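For reference, the structure discussed in these notes is given below.
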Amino acid sequence: MEKFGKSQSVLRTEDVRFLTGQGRYVDDIVPANALYGYVFRSSVAHADIVNLDVSEALEAEGVHAVLTAADLDAMGMNIGMKGATVKNRDGSKGAAPLRPILAKGRVRFVGEAIAFIVADTLALARDAAELIEFDYTDLPVSADPIPSDALIHPEAPDNIAFDWSMGDEAATQAAFDAAAHHITAKVVDNRIIVNSMEPRGAYAEWDGTRLHVAINAQGVWEHKDQIAHAFKMDPEDIRITNPDVGGGFGMKAMAYPENFLVAAAAKSLGRVVRWMGDRSESMLSDNAGRDLISTCELAFDENHKIQAYRVTTVNNLGAYNSQFGQPIQTELFSKVLMGTYDCTTTFHAVKGIYTNTTQTDAYRGAGRPEAIFALERTMDQAARELGVDPWELRRKNFIPKDAFPYTSATGELYDVGDFDRVLTRVESECDVAGFADRRAKSEASGKLRGLGLCFYIESILGDPSEAVKVEFVEDGTAKIYVGTQSNGQGHETVYATFLSDQSGIPMELIEVVQGDSDRIAKGGGTGGSRSVTVQTHVTLAAVAKIVAQFTPYLAEKMGVDAAQISFDDNQFRADASNLAPTMLEVAEMARVDGRTDLLTFEARAEIPGRSYPNGAHVAEVEIDPETGKTSVVRYTVTDDFGNLISPMLVAGQVHGGVAQGLGQVISEHVVYDAEGQLLSASFMDYGMPRADDMPFVDFTTEPTPSTANPMGMKGCGEAGTVGSMAAVANAVQDALHARGVKQADMPFTPSRVWALLQEAHDKAA
């Protein structure tokens, strides 16, 4: 790799301010004298609102406003929040119920926003909320992901949001009918809460003409469009900003009622209004993840080659539609359960997950953690039932290296891949050959030991296009304005490093500007592992534009023909001239000459195609059968991320992703009772992973550069989670299988594992 990044690990420049308390998060930057907002939330899962009296709250000390749905209607707002619809299998549209910013007529989950109190202090706003009279009539609660006549929305009979499918159902069935072996597995993917380090927050200010809303989100333009729609305003009269953001994980990509409420209050009162969620409030109201049950079927021929697969998923969306359009997105970003709002999705594909399509195709190339988890767990079960080695079963079904580029049964074009090389590398790194000895030592000490493998392929998602602006500043520095949004991944370091590599501008003289809809016209935000690939791609376009426009200007300065000038990523040169200026020096010349047209450059570009990160995760667990405690004692990853800009930052992304997946497997679980009350609404009750739960993560790469973008890169942000869930779960199943446990579902808490072992013991007895 020569031109596109130097694969040099550099320290993250932004960490100095984060670690010294100088971060500028949304709650740090609220203008002085802002009013405080507090959300009055539903205490029940499903009820008709009989009476909502806020008059006493309005009269309370320090209160400036109490907004209800009726007030938002009176303001002329569009109170319905964005909700995606999905076509059913018969071609009809799926359910499209209204999701109001504040509950209107009915509440549908515990924690749903009913009223917004604005006061001089947060304490006064909380006190006023106690004075609100909320009378309701209970309605039946559906708390299980099964069809129910306890309707959450009239628009969704049986509480089914949509019944969607893709693939050739008839051909798939024919392949199953002809198969020598038919393996079926039921896989449970438990619901989790994101729990980003910084809870959601926002503030808004109104100057009589323009509305400014600051949100700790994953981008600004989606929020700008939604707020413009809600207030029926010209988008040019709205400014959205994202300051530093302490974690996003997909959850902060979407709009929430509070974003609109601070804006409505600010417009109404002519004052700055702020809101910041606390931890339990976030657990109640943040969009959660997972919560689906999949039935996975694999059809094998007599040589154990996959001929077809079929995945049927029942996915709990919670109380309202997701804001994203495809079923896979709603699976990842489902709303918290307080009454069920289900969907069923069925996937059909001929020739299966490896031989013809790899895991990714079950989900239209999305490769989300849910898809990989379900299918890789089924592969391990298939290996047990067929009596074959799980590693060799995967090898036998890989797309061979010489078959790329490869078009899958569902239309995905895999440009490159060398799966066998990746698997061989991880096999060596994790010392598979020594596992038997390690297992024997564990057994000698009374422990159970298991080995689990996951081989994954995913694709980067989201908008394939992105924008950038490079500005040369009077003080001799440069600014790069980007359309993505860092949530802690190290974007400031990556983008400055990359621009420095391509332009020769010293990294310390580059400022990365992000998260301001006034300062860059359009951007796709962050999500789906897209950020670095699309942002560096458009940065190349901007640098090319700078070189193209600087060259004719320099031709006169250097006294040569423009065709003689070249740029070597550091200086402009021509054989017939002794001048060799840098980009910053050319910009200064242009400034002196009054050439302001040569001081700011904007570009927009689209990556030619998706890239497909892939890799292998291997986990070893040790289980104490006396207590059920599961410990992940070894963890090895080999990934193919193509070319890397900063290996250290990539390793950090992998480590964080592994922690996310491991937390779900071992301890994290959202629990509701039959009435839809959240029982895991604090860190006393919700099992976030701790440092001592994490093993050392051995990370290596076996890159096959992507041909879908000029940098040869593949996204890496979600890969750690994609692989770790199935790897650890397969390891646990491997350990428990020796004791007769045939089916083990996450999370593998001590009590659950102990109960599984006791049940197997009792059956054996």
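The values are calculated or read from the model by the stated rules, or taken from the named source; none is laboratory data. Just so you know, these numbers come straight off a predicted model, no measurement behind them. Cβ placement follows ideal geometry from the backbone for every residue including glycine, while neighbour counts extend to all protein chains displayed. Surface areas here come from the heavy atoms of the whole protein model, side chains and all, with no ligands, DNA or RNA. Shrake-Rupley method; radii C 1.70, N 1.55, O 1.52, S 1.80 Å.
So the values come out like this:
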| quantity | calculated |
| --- | --- |
| Zero-based 5 Å bins, Cα pair distances in the range 559-652, whole percents | 2, 8, 10, 11, 11, 8, 9, 9, 7, 5, 5, 4, 4, 3, 2, 1, 0 |
| Dipole of the range 516-612, positive direction: furthest Cα of Q564, I546, M583, with charges on the beta-carbon | I546 |
| Ellipsoid equivalent to the range 107-201 - semi-axes via the Cα gyration tensor, in Å | 46, 20, 12 |
| Principal semi-axes in Å for the chain [√(5λ), Cα gyration tensor, largest first] | 42, 39, 23 |
| Among P97, N709, V272 the positive-end extreme of the charge dipole of the chain (Cβ point charges) | N709 |
| Alpha-carbon Debye profile of the range 484-610, log10 I(q)/I(0) at 0.16, 0.23 Å⁻¹ | -0.85, -1.41 |
| Debye equation applied to the C-alpha atoms of the range 201-335, log10 I(q)/I(0) at 0.15, 0.17, 0.18, 0.19 Å⁻¹ | -0.78, -0.93, -1.01, -1.09 |
| Average accessible surface area per residue within the chain, 1.4 Å rolling probe, Å² | 37 |
| Options M379, V314, Q743, ranked by Cα towards positive dipole end of the chain, top entry (Cβ charges) | M379 |
| Translational diffusion of the range 143-195, µm² s⁻¹ [Kirkwood Rh, Cα pairs; Stokes-Einstein; 25 °C; 0.890 mPa s] | 162 |
| Relative contact order of the range 175-303, pairs being alpha-carbon contacts under 8 Å that are 6 or more residues apart, as % | 46 |
| Cα-based Rg / Dmax (Å) for the range 392-452 | 17.2, 51 |
| 222 nm mean residue ellipticity, helices alone, for the chain (DSSP H n ≥ 4; -39,500 (n - 2.57); rounded to 500) | -9000 deg cm²/dmol |
| Rounded to whole Å, sorted largest first: equivalent-ellipsoid semi-axes of the range 694-760, Cα gyration tensor | 37, 11, 10 |
| Overall dimensions of the range 199-269 as given by Cα atoms, namely Rg and Dmax in Å | 11.3, 35 |
| Protein accessible area in the chain, 1.4 Å probe - carbon and sulfur % | 51 |
| Calculated SAXS-style log₁₀ I(q)/I(0) at q = 0.23, 0.24, 0.31 Å⁻¹ - the range 678-724, Debye, Cα scatterers | -1.00, -1.04, -1.15 |
| Stokes-Einstein diffusion coefficient of the range 625-765, Kirkwood radius over Cα pairs, 37 °C, 0.692 mPa s, in µm²/s | 192 |
| The range 90-127 and the range 49-83: distance between their alpha carbon centers, rounded to Å | 11 |
| Electrostatic dipole magnitude of the chain [Cβ: Lys, Arg +1; Asp, Glu -1; Cα centre; debye, to 20] | 980 |
| Under the Karplus curve 6.51 cos²θ - 1.76 cosθ + 1.60, θ = phi - 60°, whole-Hz ³J(HN,Hα) for the range 272-283, x wherever Gly or Pro sits | 5, 10, 10, 8, 9, x, 9, 5, 5, 4, 5, 4 |
| Cα-based Rg of the range 1-123 normalised by 2.2 N^0.38 Å, two decimals | 1.65 |
| Within the range 169-226: Cβ-based charge dipole about Cα centre, in debye rounded to nearest 20 (Lys, Arg +1; Asp, Glu -1) | 160 |
| Global form of the range 566-606, assessed from the alpha-carbon gyration tensor, a/c cut-off 1.5 | oblate |
| Alpha-carbon Rg with Dmax, taken over the range 193-232, Å | 12.2, 38 |
| Rg(Cα) / (2.2 N^0.38 Å) computed for the range 512-587, rounded to two decimals | 1.43 |
| Descending Cα extents along the principal axes, the range 399-492, whole Å | 70, 39, 21 |
| Under 20 Å from K714, Cα to Cα: lysines that are on another chain or at least 8 residues apart | K3, K6, K401 |
